[in-house]
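This report concerns only the one structure given below.
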Amino acid sequence: MEEESKPKMSKHVCACGPILTTVSANPLLDIISILDDADSLEILKGLMKTEVRSPFPDGLFGMDSQRTNKALRRVLRAGLVNSRIDGPDHVYYIHVERFKVLEEFVEGCVHNHAEKA
């Protein structure tokens, strides 16, 4: 009896299992600090336009593979990006719910209704 061969998982940065996040008591500061990194910002800007599928040996969004993986790990630890398994690959996408705190902050700044002094 032959065993069915499972597709070999591609080399990737995994977010499907338990992942050590760096989310602190101040999630807004966590998000803003990630946005201060140019490579992490490029990953997020790229993922706003399209989900990406591993592997990416040539890198993503104009970055080489080493910079891509480092930035991807950083945004994953911050909880800003998530992934799902699709066959042997992982598909990475923006974790929209994590940005709600930033959305509320920006909305509050743009549409400021502070009490007058």
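Tabulated data
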read-out	value
³J(HN,Hα) computed for each position of region 67-75 - Karplus, 6.51 cos²θ - 1.76 cosθ + 1.60, integer Hz, glycine/proline x	5, 4, 5, 5, 5, 5, 4, 5, 6
Total formal charge among the other residues, if their Cβ is under 15 angstrom from that of LEU28, Lys/Arg +1 and Asp/Glu -1	-4
Residues HIS90, HIS113 arranged by fewest to most Cβ contacts within 10 Å	HIS113, HIS90
Net charge of Cβ neighbours under 14 Å - reference VAL91; Lys, Arg +1; Asp, Glu -1	-1
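The numbers here are math on the coordinates, done by the rules we state, and not lab data. A quick note: this is a predicted structure, and the numbers were derived from the prediction, not measured. All Cβ positions, glycine included, derive from the backbone under ideal geometry; neighbour counts span all protein chains shown.
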